[in-house]
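Derivation of every value follows stated rules applied to the coordinates shown; laboratory data play no part. Every value quoted in this text rests on a predicted model; they were computed, and no experiment measured them. Quick reminder, even Gly has a Cβ in these numbers, built from the backbone with ideal geometry, and neighbours come from all protein chains shown.
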Protein chains: 2
Amino acid sequence: MASLGCNSEPQSDSVSPFNINPLDPQEFRRQGHLIIDFLADYYQNVANYPVLSKVEPGYLPKSLPISAPLNPEPIETILQDVKEHIIPGLTHWQSPNFLAYFPAANSTASFLGEMLSTGFNVIGFSWIASPAATELESLVMDWLGEILKLPKAFLFSGNGGGVLQGTTCEAILCTLVAARDQKLCQIGRENIDKLVVYGSDQTHSAFQKAAQIAGINPKNFRAIKTTKSSSFGLSPDSLESTIQLDIEKGLIPLFLCATVGTTSTTAIDPLGSLCDVAKDYGLWVHVDSAYAGNACICPEFRHFIDGVESADSFSFNAHKWLLTNLDCCCLWVKDPSALIKSLSTYPEFLRNKASDSNKVVDYKDWQISLSRKFRALKLWLVLRSYGMNNLRNFVRKHVKLAKSFEELVCLDKSYKHVCEDCANELNRELLDSINDSGVVYMSHAMVEGVFVIRCAIGATLTEEQHVLMAWKVVQEHADAILNKYW
Amino acid sequence: MASLGCNSEPQSDSVSPFNINPLDPQEFRRQGHLIIDFLADYYQNVANYPVLSKVEPGYLPKSLPISAPLNPEPIETILQDVKEHIIPGLTHWQSPNFLAYFPAANSTASFLGEMLSTGFNVIGFSWIASPAATELESLVMDWLGEILKLPKAFLFSGNGGGVLQGTTCEAILCTLVAARDQKLCQIGRENIDKLVVYGSDQTHSAFQKAAQIAGINPKNFRAIKTTKSSSFGLSPDSLESTIQLDIEKGLIPLFLCATVGTTSTTAIDPLGSLCDVAKDYGLWVHVDSAYAGNACICPEFRHFIDGVESADSFSFNAHKWLLTNLDCCCLWVKDPSALIKSLSTYPEFLRNKASDSNKVVDYKDWQISLSRKFRALKLWLVLRSYGMNNLRNFVRKHVKLAKSFEELVCLDKSYKHVCEDCANELNRELLDSINDSGVVYMSHAMVEGVFVIRCAIGATLTEEQHVLMAWKVVQEHADAILNKYW
């Protein structure tokens, strides 16, 4: 193989030889142990940091050199900088008092899995590039699919299959592109500008982004209005009338993204009846249960995804609530060949007997990128280290805490909660005041014009005491604001 | 916030409480140290494993349970399974004898950075979600940009900017979508099916995939023929005549992906004159130097990207040859607003004062996904732990070894190397035989119909002895095959 060196000589006179080994086992061991202790200390103290970082824009360049060093620096110096300059700039998603957005529940088992994956650093694009990476992923996706009681058509054992993506946006993009190309194959590529995609006004922005990337005309992106009367779920009637209007205009319905557990209010779209409408008009249905899908490992919550059996694809993020660190989005499809048709490239330099035999899965054809990490290791370690009983009880604990929090809110007559009339500006001020305290971090949503404070319970370390404290903080800051104005 | 718990009661009678702490500092410490030692032992032994895994398709499901366990299993049991069932199924990219594809050079510093990122597990989509994650990334990208002597227009200090993507495919997809939407804004969205993209027949398949995902008509994907006479670089004249033909057909030229260091032969496209042609026709030029860009940190190799100053975007993979584990693709653009226009979504639930102020970078708008890891940590640790002098010497060492290997091949009169007539079937048999030995792993390419064995030197642990051994293995297996036939 031609090499860069054939064309140009290194300046060998001025150069000292490279005589360090960046994977020296002794040094790896020494420094690795240092970091483990560093992180164990971090977890010990994480509840004490201000949850939302208090730094100002531009704080970091002021504290660090403006160029990369020529010579090595010891790990101890670097860790000192992490302590002094990085940690104050973190918003601590692992704090028990992190109640914003959705949780990013990490765990020791997941961390260990990520370490193994990083240590091996195999690039498992094709089966041959590391058979274990592919086969463990297929196996674990079948494990999880059975736990979620997905219909067999989504499992490898039923000619469907699962794949680990980075995020929901990737999962939606891959399925949308598969659906798009399948449709364009029937109607001709020149009709791409007529394709229409559907969601509700509660659907996550990841869907809008995926549609933009896939080349769907932004004018053909339908965010169908939902209302309180249907608990902000997408109405099948609204979907059907919107589709019919589009058809009358000469447009071509393509794809529905249904949601189980929306971001603003954890609304549930009625999957079964939406799929019925979608099938009548030839739409691909993807079910995004990024957050709520995690709860469906518990039998008593499984009904939230009833109807998924009629969908074409389904995804949820183990990196939200299943004790797995980012990134780990689980996607199942009924028809892998649709994905593969759109996403496959098979250049000569990747050809190999196993792929040629069609007896193996090459996950490069199920995702955006060629290269991929061995993500299955962390999910496998989580499932085995904790076991399904514990994982279910972990979810149940948080559901129970969320109910306790709701009861506290209801008990206090001076507060009215989600979706009732209230002074948006006061609530915005209240949220800022709560977050500036550093004691807890919550986020917000707008629901039918009402500014709503969201309290999302799901961080690994969140216990009853943190929820009680969170409510106390809300009360104190609300009282202070009310006293200021009245 | 409404919770799943409001709608359905957990089956509390049948359920034991969740009383383990998945981030317990003591247990984290104990298990973390175990894995560090496990991986240190792995690096100690990695040279002794067969480089290419010897397992057969379907080997793993036979060895592992078919469903997830209900109860926890100790880490020691799981690690035993990793030893017995996972490691034999790995193709060892960290072996000093891994000479296939391109390297995936890992290092202790990068591993530590990934550990910190995984441990903190912050989801830095917006500045506010963890200011340090955003600011360290911007800083490190400016550091690296200066080391590569990128024109100031690519740096934040010059109103451009850098971002860490997962892979080259993502980098190309994001820039292609930005270019597409910019063009469609001028000519009308209904013309999407007329857009044409250009590369050479040596351009990486990632470009084809990105174009497919972005909705470019596959008929408008031009892989312009290259020849040995121009060392497989893309000829500006060929580009221009192809563009002119497309314009005559009523099509609209959009995007050129130029490559520095192609996969098959490390060919270099002539950036300067290609950019001249591209500018005349209003094309966005992306420079993909996935592998070779790493070498450009050395002043004596910097000339390979001469001409990049006229391009619109530039990327290389630190996860190939800059001692950084997957994934870490460095992308710079001159006009971040073009990326942001295509990739930005700003739903109410993410609104915050810092983003509203426009004083901060929100990297969610520079990439496909919303969620993102704190990738900058590992790159920062690599640059600081080794220093630029060592990183340059690391590259120089491999370039020198590649030259030595080339000399060995040239010295031996019985071998003719790249691009000369030879028996493809014999070479294919030779490569299979070499790889089946388990002693080294190489891959192949087809160059003008010739089957070429690639020897890509760049793994972290590869030293002179491994290159000498690799040549010995080639000789032995070639002799055996020749003896069999003659």
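Brief remarks on what is shown
- Sequence-separation-based contact order of the stretch A:262-343, relative, with Cα cut under 8 Å and 6+ spacing, percent: 26 percent
- Assuming charge only on the beta carbon of Lys and Arg (+1) and of Asp and Glu (-1), the dipole of the stretch A:123-374 about its Cα centre is about 400 debye to the nearest 20.
- Positive-end extreme of charge dipole, chain A - chosen from A:Ile216, A:Pro270, A:Val467 (charges on Cβ): A:Pro270
- Cα shape, the stretch A:123-374, gyration tensor, a/c 1.5 rule: oblate
- Across chain B, C-alpha contacts under 8 Å between residues 6 or more apart give a mean separation that, scaled by the residue count, equals a relative contact order of 22 percent.
- For the stretch A:349-413, a Kirkwood hydrodynamic radius built from all Cα pairs, placed in the Stokes-Einstein relation at 4 °C and 1.567 mPa s, yields a translational diffusion coefficient of 79 µm²/s.
- Estimated FRET transfer efficiency (B:Ile187, A:Asp276; beta-carbon r; R0 45 Å; 0.05): 0.65
- q = 0.15, 0.18 Å⁻¹, the stretch A:41-133: log10 I(q)/I(0) [Debye, one scatterer per Cα]: -0.89, -1.04
- Unsatisfied cross-links (Cα-Cα over 22 Å) in the set A:Lys359/B:Lys219; B:Lys183/B:Lys249; A:Lys249/A:Lys279: A:Lys359/B:Lys219
- With 18 Å as the limit, the listed pairs A:Lys320/A:Lys378; B:Lys83/B:Lys373; A:Lys364/B:Lys83 have B:Lys83/B:Lys373; A:Lys364/B:Lys83 beyond it between alpha carbons.
- Ascending distances from the B:Ser231 label point to its copies in the other chains, with the point 7 Å along the Cα-to-beta-carbon line: 6.7 nm.
- Whether the stretch A:122-174 is rounded, prolate or oblate, judged on the alpha carbon gyration tensor where a/c under 1.5 counts as rounded: oblate
- Shape analysis of the stretch A:207-349 yields a ratio of the Cα radius of gyration to the Kirkwood radius, Rg/Rh, of 0.99.
- The chain B residue nearest the rotation axis shared with chain A, using its Cβ and rounding the distance to whole Å, is B:Gly215, 1.
- About its Cα centre, the dipole of the stretch A:121-195 is roughly 280 debye, where the only charges are +1 on Lys and Arg Cβ and -1 on Asp and Glu Cβ.
- Relative contact order %, the stretch B:123-374, counting alpha carbon pairs below 8 Å whose residues are six or more apart: 26 percent
- Hull-based mean projected area of the stretch B:277-353, where the convex hull spans the alpha carbons, in square nanometres: 7.7 nm²
- For the protein assembly as shown, the equivalent ellipsoid derived from the alpha-carbon gyration tensor has semi-axes of 44, 32, 28 Å in decreasing order.
- Cα gyration tensor shape for chain A, rounded if a/c is under 1.5, else prolate or oblate: oblate
- Inter-copy label distances for B:Trp486: 9.9 nm (label point placed 7 Å from Cα along Cα→Cβ; shortest first).
- Between the stretch A:333-372 and the stretch B:34-110, the alpha-carbon center distance in angstrom: 22 Å
- Loop-resident sites, the stretch A:341-374, for chymotrypsin sites (Phe, Trp or Tyr not before Pro), counting at most 15 other Cβ within 10 Å (DSSP): none
- Between this copy and the others, label points of B:Gln465 are 5.5 nm apart in ascending order, each placed 7 angstrom from Cα in the Cβ direction.
- Span-rule helices in chain B, defined as complete DSSP H runs reaching 20 Å or more along the axis (Cα) with Kyte mean at least 0.5: B:168-187
- Residue list for the stretch A:46-77, given a label point 7 angstrom along the Cα-to-Cβ vector of B:Lys359 and an amide N cut-off under 15 Å: A:54-62
- When you work out D = kT/(6 pi eta Rh) for the stretch A:316-386 at 10 °C and 1.306 mPa s, using the Kirkwood radius from C-alpha pairs as Rh and the Stokes-Einstein form, the result is 113 µm²/s.
- Student exercise, chain A dipole from Lys, Arg, Asp, Glu Cβ charges, in Debye to nearest 20: 720 debye
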